[in-house]
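Peer 1: Here it is: the structure, laid out below.
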Amino acid sequence: MRPIRLPEPPSPTLGVPEIFENGAYSVIRRAVVIGNGFPGSENQSLGLIHALGLADNHVLYRVTRPSGGINEWLRWLPVSLHKILYHIIMRIYSYSRFIVSRGKKLAPLPSENGGSVGLSSILEADSKQIVNMARESYEKDGPLLVVASGRDTISIASSIKRLASEKVFLVQIQHPRSDLSRFDLVVTPRHDYYALTPQAQEQIPRIIRKWITPHETPDQHVVLTVGALHQIDFAALHSAASTWHDEFAPLPKPLLVVNIGGPTCHCRYGTELAQQLSAFLTNVLVSCGSVRISFSNRTPKKVSNIIIKELANNPKVYIWDGEEPNPYMGHLAWADAFVVTADSVSMISEACSTGKPVYVMGSERCTWKLADFHKSLRERGVVRPFSGSEDISESWSYPPLNDTAEVARRVHDVLAERGLRVRP
């Protein structure tokens, strides 16, 4: 494995004026993460917490929605309204069941809070509870850092800030679409502002332009990134390289890692992309020592089945079966090059944080702001389209994406301006 040289995480006290070193209530010692149950979103918050040195002193809360049945059609509603409608519908449904069934055994109701999806160990986000915690521990522990990510967390996070303004520093990851003054900082990728570009304006019918957000250019509340935040840094890769040494060190080089996601509203694909990807991978096998393929939990069966059928019997290829332990971190640490499907900003951002060659499959299928994301990466020389004609043994490099550390520095700067600092 060739050496990996990445920037170190920022110092927890970087850029703090000496006059604040011992000021009253000037130290942030703990954090609250508000998640939405989606790994991609929560990983961004946890990545920032890690970069700030608070990985061992935070609590994860989660905003949950009712799930199953009609709830899948109500996900576009704000969480609070969704839950109210859910309870009204369940009351009507329960009454109807009582009238109709007269003791007959019926199918169970749709579950609230995701059913049995492992949420029992995660606290339900409650703004009043978090505000009380911030107030009660303020004199002893100082202000509370709150980091939230995703649309479903906006209401809870902004309520916490409103109710305990001086005792909370709030970072909202992903653009909240309105009233940025509710947050101390908003962290969002540049492509979230794609709607303001001339190219985007030409695509939007004039009659609906006022409904497309954001409406204004970034202000002082906004920190722009290239991609998604995450937990991948030099220390994490070094640790993973050690952990997975026995499995990956003996593999013939170069090692090509293939990460396959799933179609999204801005990147639609199906079996045709799977067939094309299989053909391209077959073409480059001659220049590979080993190929490791992983699917995400969003990968459709019809896509994974084609990849498995076409490549599983090749002696150079290993396809992860989804059983623990997950080799994802080992792949990032030991790969010599990556092929990643275009749908996942998170997977691409993590691969691009290694400084190793990253080839993207299917970016021509992306639309709207996701297409703008890929365009920005190509212009930076960070990624190249995967064509099946590559020589994987020929390496190339670029300055690794370092969004998480750069955002952490910005958080430190803003905290210092307010007489605050983070003490892990």
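Peer 1: Please give the calculated 222 nm ellipticity per residue for the chain, where each DSSP H segment of at least 4 residues contributes -39500 (n - 2.57) and the sum is spread over every residue; nearest 500 deg cm²/dmol? Intermediate values should be presented prior to the final figure.
Peer 2: Details: 14 runs with 148 residues, N = 424.
Theoretical 222 nm ellipticity from helices: -10500 deg cm²/dmol.
Peer 1: Now for a separate question. How large is ³J(HN,Hα), in whole Hz, for each residue of the stretch 299-306 in order, when computed from phi with the Karplus curve 6.51 cos²θ - 1.76 cosθ + 1.60 and θ = phi - 60°, using x for Gly and Pro?
Peer 2: Karplus values, whole Hz, x for Gly and Pro: 6, x, 4, 5, 7, 5, 4, 5.
Peer 1: Turning to a different aspect of this structure: When the dipole is taken about the Cα centre of the stretch 280-393, and only Lys, Arg (+1) and Asp, Glu (-1) are charged at their Cβ, what size is it in debye, to the nearest 20?
Peer 2: Details: 13 positive and 12 negative charges, 56 e Å.
Here the size comes out at about 260 debye.
Peer 1: Right, here's the next one. With θ taken as phi - 60° and the coefficients 6.51, -1.76 and 1.60, list the Karplus ³J(HN,Hα) couplings across the stretch 44-52 in order, rounded to whole Hz; mark glycine and proline as x.
Peer 2: Each residue of the stretch 44-52 in turn: 5, 5, 5, x, 5, 4, 4, 5, 8 Hz.
Peer 1: Would you mind checking K302/K369; K302/K356; K128/K301; K301/K356; K167/K356; K302/K375 for any pair whose Cα atoms are more than 32 angstrom apart?
Peer 2: Checking Cα-Cα distances, K128/K301; K167/K356 exceed 32 Å.
Peer 1: Taking H as built 1.01 Å from N, whose amide H comes closer than 5 Å to the amide H of L123, not counting residues under 5 places away?
Peer 2: Those qualifying (amide H under 5 Å, at least 5 residues apart or on another chain) are R62.
Peer 1: Right, something else. Amide H neighbours of G150 under 5 Å, at least 5 residues apart or on other chains, H built in the peptide plane: list them.
Peer 2: Long-range HN contacts for G150: I173.
Peer 1: Taking θ = phi - 60°, what integer Hz values does the Karplus form 6.51 cos²θ - 1.76 cosθ + 1.60 yield along the stretch 53-67, in sequence order, with x for Gly and Pro?
Peer 2: So the Karplus estimates, Gly and Pro as x, are x, 10, 4, 9, 9, 9, 10, 9, 10, 9, 8, 10, 10, x, 9 Hz.
Peer 1: Counting only heavy atoms of the protein chains, get the accessible area per residue of the chain (1.4 Å probe) and round it to a whole Å² value.
Peer 2: So the chain comes to 49 Å² accessible per residue, rounded to a whole number.
Peer 1: So, in Å, what gap is there between the alpha-carbon centers of the stretch 294-313 and the stretch 124-140?
Peer 2: About 46 Å separates the Cα centre of the stretch 294-313 from the one of the stretch 124-140.
Peer 1: Something else: Just to confirm the filter: which GluC sites (Glu not before Pro) across the stretch 356-424 are DSSP coil and have at most 13 other Cβ within 10 angstrom of their Cβ? Intermediate results must be reported in sequence, preceding the final value.
Peer 2: On the way: sites: E364, E379, E390, E394, E406, E417; in loops: E390, E394.
Answer in residue order: E394.
Peer 1: A further question follows. Just to be sure I understand: with springs between alpha-carbon atoms less than 10 Å apart, which residue in G69, G261, G142 has the highest mean-square fluctuation in the Gaussian network model of the chain?
Peer 2: Greatest mean-square fluctuation among the candidates belongs to G69.
Peer 1: Kindly list the residues of the stretch 338-371 that lie in the label zone of E379, defined by a backbone N under 19 Å from the point 7 Å along the Cα-to-C-beta vector.
Peer 2: So the set is 345, 349, 360, 363-371.
Peer 1: At 0.36 nm per residue, minus the direct Cα-Cα distance, what do K302 and T243 gain on full extension? Give it in nm, one decimal, please. Can you show the working numbers first?
Peer 2: Numbers: separation 59, 0.36 × 59 = 21.24 nm, distance 3.30 nm.
So the extension gain works out to 17.9 nm.
Peer 1: Moving to a separate point now. Arranged from highest to lowest average of other beta-carbon atoms within 10 Å per residue, in what order do the peptides 232-244, 203-215, 340-352, 161-173 appear?
Peer 2: On the way: 232-244: 16.9, 203-215: 11.0, 340-352: 26.1, 161-173: 20.1.
Put in order of decreasing packing, that is 340-352, 161-173, 232-244, 203-215.
Peer 1: Please work out the C-alpha center-to-center distance from the stretch 204-268 to the stretch 330-378 and express it in whole Å.
Peer 2: 7 Å
Peer 1: Determine the shape class of the chain: with a ≥ b ≥ c the square roots of the Cα gyration tensor eigenvalues, call it rounded for a/c under 1.5, and otherwise prolate if a/b is greater than b/c, oblate otherwise.
Peer 2: Because a/c hits 1.5 or more and a/b fails to exceed b/c, the chain counts as oblate.
Peer 1: So which chymotrypsin sites (Phe, Trp or Tyr not before Pro) in the stretch 372-413 end up in coil per DSSP with only 12 or fewer other C-beta atoms within 10 Å?
Peer 2: Details: sites: F373, F386, W396; in loops: F386, W396.
Here the chymotrypsin sites (Phe, Trp or Tyr not before Pro) that fit, given the DSSP loop and packing criteria, are W396.
Peer 1: How many percent of the accessible area of the chain is carbon or sulfur, using a 1.4 Å probe?
Peer 2: The C+S portion of the solvent-accessible surface of the chain is 54 percent.
The values are calculated or read from the model by the stated rules, or taken from the named source; none is laboratory data. Source: prediction; values computed, not measured. Every residue, glycine as well, gets a Cβ built from its backbone with ideal geometry; the counts of neighbours run over all protein chains shown. Side chains included, ligands, DNA and RNA excluded: accessible areas come from the protein's heavy atoms. Shrake-Rupley method; radii C 1.70, N 1.55, O 1.52, S 1.80 Å.
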